[in-house]
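Throughout, read-outs are computed from the coordinates displayed, never taken from laboratory work. This one's a predicted model, so the numbers in the text were calculated from it and none came from an experiment. Positions of Cβ are generated from backbone atoms using ideal geometry, with glycine treated the same way; all protein chains shown enter the neighbour counts.
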Amino acid sequence: MKKLFWLILIFIIVFIGLTYISVSSTDKEFDTASIQGFKDLEDINFREQDSVVVKASNLYESNGLKNLMQGENYRAAWTTPVNVPVLFLDSLYGGMEIVEEGGGTQTHSLRLKDKAGFLYSLRSVNKDPSTHVPEIAQSLGLENIVIDAISASHPYGALLAASLSEKAGILHTNPKVVFIPKQDVLGAQYNEKYGNRLFLLEYETEGKKNWSHYEKVKEIVDTKNLQKAKQEHPKKISIDKGAFIRARLFDMLIGDWDRHAKQWGWVLQKKGDKLKAIPVAGDRDNAFFNLEGIIPGIISNKNIQPKVRSFEKDIDYMPGLVYPNDVYFLNDTSVELFIKEAKKLQELMSDEAITDALEVWPKEIKDLHGEEIAKKISSRREDLVAYAKEFHRIITEKEKLSEPLKGSEDLEISPALIKCFECGK
């Protein structure tokens, strides 16, 4: 018994020691893109550059121990140079104006509007998770565990998610990776924070102007304003449940576990005197989320962090992927509709479609991760009907909501409409 005790104690001491060695590889909490071929950014006239070769970040460079303890993840993609276009906001789409700064904590973002009134968003590829570091991690000097976990997100995952969405017949925000130099339009207020950085330029998931391919669109709204409209016109507005089920199954297919209510926009299409709300997914930061390593494996255990699921060949814990907005919009929906959409998605997500979608990535990135990701999607696709049935079962067994959806906490709606989208009729 004594021998076992000492073995366990030695194991714990060794584990703690290896952990501290691993996290001490860098004390940096944030890093921006690294431009290749230029020593001093201040000497570059970006007006003369159509594009630049950029590494998304050097922050996640690693070694054998760090790979073992904190995972190899997508470190190679973050440090691989790729060619991206240089954009100036004063000439983009006839000239952009900055509407406001986004309210996100990890992602730095700016909302833009072009001359025609279309809304766009610049969302930083580099994340700043420092505000999400728990106090206990700070006091123990283990901040790097949280900071480094960003390497599990693919820097160009949103591009592939959009390309696959196109194949699946699912609305997406048409993201493009761009480099934004310091420029007059950003001014003193934004140049330091947003200048000389890598961004995703994409449509906003709300706005008066219709950028989707749907016709007879009244406007595009976020979930909060969809609920507000439902409160005002309870019998006039419904959601396209089939489209939402397909979109949610697609999330599971690509391993995007972060799909709360604020991640969705809704295209309000006129159907006679009624409105049909068609979902559009935003924020694909966690598509293909690949969390490896001993420490993340412990933290992401389903009994500790049930919602943080790694993108593997199968779904290991379905309850962690079911959100309150799923229950809110899809309660009292037949299992047949879930099965129908699963089968349709299986048909659309053929191996040929997946391979073709991967062409959106630069060759350097596709060569790194394309084959592995394609195999995981194909594997999940084969079990999609079973996943759809399980998804339906979990939703059915959950109670209607008793609290507002995320982002709708200050919305004044009836108690019935808080419970579910169709409860307020």
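Brief remarks follow.
- Computing FRET efficiency as 1/(1 + (r/R0)^6) for ASP316 and GLN106, where r is the C-beta to C-beta distance and R0 is 35 Å, gives about 0.90.
- Note, ³J(HN,Hα) from phi for region 318-333, Karplus 6.51, -1.76, 1.60, rounded to Hz, x at Gly and Pro: 4, x, x, 9, 8, 9, x, 5, 5, 5, 4, 8, 10, 5, 6, 10
- Dividing the Cα radius of gyration of region 207-346 by its Kirkwood radius returns 1.02 for Rg/Rh.
- Positive-end residue, region 246-342 charge dipole about Cα centroid, Cβ charges, pick of VAL335, PHE288, ILE315: VAL335
- Using a cut-off of 30 Å between Cα atoms, the listed pairs LYS216/LYS307; LYS224/LYS375; LYS182/LYS270; LYS127/LYS307; LYS115/LYS228 include LYS216/LYS307; LYS224/LYS375; LYS182/LYS270 as exceeding that distance.
- Rounded if a/c under 1.5, otherwise prolate or oblate - region 274-397, Cα gyration tensor axes: oblate
- In order along region 116-124, the phi-based Karplus estimate (6.51 cos²θ - 1.76 cosθ + 1.60, θ = phi - 60°) of 3J(HN,Hα) comes to 8, x, 6, 9, 10, 10, 9, 10, 5 Hz; Gly and Pro are listed as x.
- Working value for region 46-129: equivalent-ellipsoid semi-axes of 32, 18, 8 Å, each the square root of 5 times a Cα gyration tensor eigenvalue, largest first.
- Highest-fluctuation residue, GLU48, GLU61, GLU403 considered, GNM on the chain with Cα pairs under 10 Å: GLU48
- Antiparallel content of DSSP bridges confined to region 167-316, in %, to 5: 85 percent
- Here the Kirkwood formula puts the hydrodynamic radius of region 78-119 at 12.3 Å, using every distinct Cα pair.
- Three-way shape call for region 303-374 based on the alpha-carbon gyration tensor, with the a/c threshold at 1.5: oblate
- Each label point was placed 7 Å from the Cα along the Cα-to-Cβ direction; for ASP367 and ASN174 their separation is 3.2 nm.
- Among the GluC sites (Glu not before Pro) found in region 348-409, those both in a DSSP coil and sparsely packed, with 16 or fewer other Cβ atoms within 10 Å of their Cβ, are GLU399, GLU409.
- Kyte-Doolittle mean at least -1.0 and Cα axial length at least 24 Å: DSSP H helices in the chain: 2-23
- The local environment of SER300, defined by Cβ-Cβ distances under 12 Å, has a net charge of 0 under the rule Lys, Arg +1 and Asp, Glu -1.
- Cβ-derived FRET efficiency at R0 30 Å, LYS2 paired with HIS260, nearest 0.05: 0.05
- Residue among LYS224, LYS274, LYS302 with the largest mean-square fluctuation in a Gaussian network model of the chain, springs linking Cα atoms under 10 Å: LYS274
- Computed over every Cα-Cα pair of region 265-322 and binned at 10 Å starting from 0, the pair-distance distribution P(r) comes out as 19, 35, 20, 16, 8, 1 percent.
- A Cβ-based charge dipole, computed about the Cα centre of the chain with Lys and Arg at +1 and Asp and Glu at -1, lands at about 1400 debye.
- Tensor-based shape of the chain (alpha-carbon gyration tensor, a/c under 1.5 rounded, otherwise prolate or oblate): oblate
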